[in-house]
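Worksheet for the structure shown next.
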Amino acid sequence: MFQSFEVTARPEQGPPRLALLRQAMSGAGLDGYLVPRADAHQGEYVAPRDERLAWLTGFTGSAGFCAVLPDVAGVFIDGRYRTQVKAQVADVFSPVPWPETTLGDWLKDQLPDGGVVGFDPWLHTPGQIEELERKLKDTGIEMKACDNLVDAIWQDQPEAPLAKVKLHPLVFAGESHGEKRARLGSELAADGQKAALITLPDSLCWLLNIRGADIPRNPIAQGFAVLEASGHVHLFMDSRKLTEVRDHLGADVTLHAPNELTGFLGKIDGPVRIEKSTVPCRLATLLGDRGVWGSDPCALPKARKNEAEIEGSAEAHLRDGAAVVELLTWLDAQAPGSLCETEVVSKLEGFRRKDNALQDISFETIAGTGPNGAIMHYRVTEETDSQLEDGQLLVLDSGGQYLDGTTDITRTIAIGSPPDEAKEAFTRVLQGMIGMSRLRWPKGLAGRDIEMIGRLPLWMAGQDFNHGLGHGVGAYLSVHEGPQRLSRMSTVPLEPGMILSNEPGYYREGAFGIRIENLIVVEEAPALPGGDAEREMLSWRTLTFAPIDRRLIVTSMLSRHERAWLNAYHAEVAEKIMPRVSSDAQVWLKTATAPI
């Protein structure tokens with residue numbers, strides 16, 4: 001199996017490791033030290049070698065950091081992890097609600113007499129440190145770049161990954177890497193820039209039409225790249241990874257050892273474009289005045305999927321939907337109380353693995369029943385594995401990495417007869433998902449301008465959820481991809497070709513969780529009779545096809561338009577998925593997609 005259920009971090013490991021870190025801080029003359037989850041590439045996903053936050057604290061969430069002082073250690077977590085962190089860290093760590101409490105304000109409270117706080121300049125960006133120093137002005141608290149203290153005390157730290165890099169075929173990429181390099185290079189030249197530093201592994205993999213396996217669940221290869229205005233690329237990556245793609249890369253991609261990056265940047269003429277939110281402080285400082293702030297040149301082109309990428313993703317979703325339907329058919333045949341969460345995860349992966357195009361799951365499958373479903377990023381282990389009991393909800397959030405696309409789907413499933421309040425909350429979540437799916441909006445709006453559509457039914461009942469409505473998704477790349485998001489913080493205008501998730505939810509700690517998720521792609525909306533001819537509008541096309549549990553829907557709460565959307569969606573699910581599943585699943589699917 002791709003997924004394992006072993007316990008990867010234990011709360012009791014934290015206190016002795018924290019004590020060692022404090023000894024190292026004292027030896028370095030520091031009053032504090034920051035431990036982020038980030039690596040030098042500043043992406044969301046990190047290799048086992050870079051899981052310093054989890055190693056120190058036990059917290060395994062995908063975002064957060066720890067600020068260690070002599071007498072307190074704050075673990076900063078956002079709303080997605082408020083429940084999870086309680087079970088994962090020992091009481092020597094203090095969970096801090098973030099971003100409601102900023103690191104600067106917390107440090108001012110904890111160090112009223114000032115002090116020196118160390119940080120690894122490879123693991124923090126200029127934007128982060130500048131904002132922190134602005135907050136700490138005139139407080140007597142100094143930020144000091146230093147060596148990584150966690151690496152110094154981590155005795156069995158894993159080695160850097162060396163997975164082989166593979167070619168991503170043109171049939172799936174839709175554009176050669178030569179065309180991409182030339183196009184983006186000309187944009188740099190038009191901006192008067194000689195080069196751009198690319199730090200995000202998914203950006204360089206997209207640019208060069210390669211894929212890797214350095215990060216679990218994400219087909220990316222770690223490295224850095226410098227794209228010149230000529231279209232030439234300097235790739236800084238261990239040559240042992242590249243044996244299968246040397247011919248593919250060609251003469252216009254020069255290979256360098258990773259340790260040659262700083263020397264190369266020290267000599268390169270400017271101006272060199274760097275992105276403040278992803279470049280490590282170490283490299284920004286090295287470039288100095290030769291570095292100019294700008295966006296990652298790959299970010300928006302990567303987000304705007306071309307026709308081949310969209311159609312590949314659509315086909316992957318149909319095969320993935322068939323696997324999900326087989327799982328739901330099997331699950332419905334089991335009696336409440338007869339299964340546990342790990343059995344569901346294993347069975348679903350088994351159905352997915354029948355597809356030869358599957359390379360991995362796209363993240364650790366979330367299968368949370370009852371109270372576990374209220375932990376938004378719950379990962380079942382041998383110790384937390386729970387029975388699916390009558391009256392519970394099961395949140396099943398999963399996906400696959402296929403050669404032609406990345407999938408991410410969540411369905412909430414009734415186990416036996418759940419209570420009415422859970423059904424009512426489920427129906428509100430469904431209404432939010434339908435509202436976003438049906439939406440048309442003027443071109444130029446960003447995620448923050450429309451994401452409240454998915455929350456409105458919950459808001460009207462005095463309810464909400466503590467995660468974004470949706471994230472970008474790659475084309476056989478990272479399952480979380482920027483810069484586009486359906487979030488109140490996202491200012492990036494939505495454009496045709498962008499794939500995002502649509503996943504409202506509701507979570508009641510200690511009781512149940514609910515989430516419904518489809519992937520959707522932005523398209524130009526067809527004109528409507530009576531509409532403004534000159535006004536460009538956008539809309540969504542749904543990529544995900546699997547039934548939504550009708551047993552959890554309070555039909556009387558749905559409007560005529562909501563019911564029509566659901567019935568049309570289920571009819572399309574039946575049409576597209578029926579030919580792809582077993583005879584038993586066809587019988588189940590006919591009932592599951594019947595009109596309401």
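List of remarks:
- Odd one out for LEU132 among (1) closer than 30 Å to ARG379 by Cα; (2) at pLDDT 95 or above; (3) of a type in the set (A, V, I, L, M); (4) crowded, with 17+ Cβ neighbours inside 10 Å: (1)
- For the stretch 158-193, a residue qualifies if it is in contact with a Phe, Trp or Tyr (Cβ under 8 Å, 6 or more places away or on another chain) and either farther than 20 Å from ASP404 by Cβ or open to solvent by 30 Å² or more (accessible area, probe 1.4 Å) (or both), and exactly one does: PHE172.
- Among the residues of this structure, ALA221 does not count as one that is open to solvent by 40 Å² or more (accessible area, probe 1.4 Å) and either among the aliphatic types (A, V, I, L, M) or within 15 Å of CYS298 (Cα to Cα) (or both).
- Filter result for GLY74 (at pLDDT 95 or above, under 27 Å from ASP464 (Cβ atoms), among the small types (Gly, Ala, Ser) and buried (at least 19 other Cβ atoms within 10 Å of the Cβ)): yes
- Test: residue in the stretch 142-157 that is of a type in the set (S, T, N, Q), open to solvent by 20 Å² or more (accessible area, probe 1.4 Å), out of contact with any Gly (no Cβ under 9 Å at 6 or more places or on another chain) and free of Cβ contacts under 8 Å to residues at least 12 places away in the same chain: yes
- Filtering the stretch 271-290 to residues that are more than 28 Å from the chain's Cα centre (by Cα) and either basic (Lys, Arg) or open to solvent by 20 Å² or more (accessible area, probe 1.4 Å) (or both) leaves PRO271, THR285, LEU286, GLY288, ASP289, ARG290.
- When residues in the stretch 23-57 are screened for being assigned to a loop (DSSP other than H, G, I, E, B) and free of Cβ contacts under 8 Å to residues at least 24 places away in the same chain, 1 of them pass.
Rundown of residues vs (1) in a helix (DSSP H, G or I); (2) closer than 30 Å to CYS66 by Cα; (3) out of contact with any His (no Cβ under 6 Å at 6 or more places or on another chain), yes/no style:
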position: PRO121; (1), (2), (3): no, yes, yes
position: GLU131; (1), (2), (3): yes, yes, yes
position: MET143; (1), (2), (3): no, yes, yes
position: VAL150; (1), (2), (3): yes, yes, yes
position: LYS180; (1), (2), (3): yes, no, yes
position: LEU197; (1), (2), (3): no, yes, yes
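- Checking THR60, THR102 one by one, the residue that is of a type in the set (Ser, Thr, Tyr), at negative phi, modelled with pLDDT under 95 and in contact with a helix residue (DSSP H, G or I) (Cβ under 8 Å, 6 or more places away or on another chain) is THR60 and no other.
- Of all residues in the stretch 421-476, exactly one satisfies the criterion of being of a type in the set (Phe, Trp, Tyr), assigned to a helix (DSSP H, G or I) and open to solvent by 10 Å² or more (accessible area, probe 1.4 Å), namely TRP459.
Quick grid of which residues meet (1) of a type in the set (A, V, I, L, M); (2) touching a residue at least 12 places away in the same chain (Cβ under 8 Å); (3) closer than 24 Å to HIS317 by Cα:
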{"position": "GLU481", "(1), (2), (3)": "no, yes, yes"}
{"position": "LEU486", "(1), (2), (3)": "yes, yes, yes"}
{"position": "THR491", "(1), (2), (3)": "no, yes, no"}
{"position": "MET498", "(1), (2), (3)": "yes, yes, yes"}
{"position": "ASN502", "(1), (2), (3)": "no, yes, yes"}
{"position": "ALA533", "(1), (2), (3)": "yes, no, no"}
{"position": "LEU538", "(1), (2), (3)": "yes, yes, yes"}
{"position": "ILE548", "(1), (2), (3)": "yes, yes, yes"}
{"position": "VAL554", "(1), (2), (3)": "yes, yes, no"}
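- Taken over the stretch 200-241, the residue count meeting the criterion of being in a loop (DSSP other than H, G, I, E, B) and under 25 Å from the mean Cα position of the chain (by Cα) is 13.
- Residue match in the stretch 402-415 (condition: acidic (Asp, Glu), without any contact (Cβ under 8 Å) to a residue 24 or more places away in the chain and open to solvent by 10 Å² or more (accessible area, probe 1.4 Å)): no
- Which listed residue, of GLU260, GLU244, is among the acidic types (Asp, Glu), assigned to a helix (DSSP H, G or I), modelled with pLDDT of 95 or more and surrounded by fewer than 22 Cβ atoms within 10 Å (Cβ to Cβ): GLU260
- Residue match in the stretch 256-277 (condition: closer than 30 Å to THR491 by Cα and of a type in the set (Ser, Thr, Tyr)): yes
- Flag for GLU100 being out of contact with any Gly (no Cβ under 7 Å at 6 or more places or on another chain), outside any helix (DSSP H, G or I) and farther than 29 Å from ASP385 by Cα: yes
The values are calculated or read from the model by the stated rules, or taken from the named source; none is laboratory data. Since this is a predicted model, take the numbers as computed values, not measurements. Note: ideal-geometry Cβ built from the backbone for every residue, glycine included; neighbour counts use all protein chains shown. Heavy atoms of the whole protein, side chains included, go into the accessibility calculation; ligands, DNA and RNA do not. Shrake-Rupley method; radii C 1.70, N 1.55, O 1.52, S 1.80 Å.
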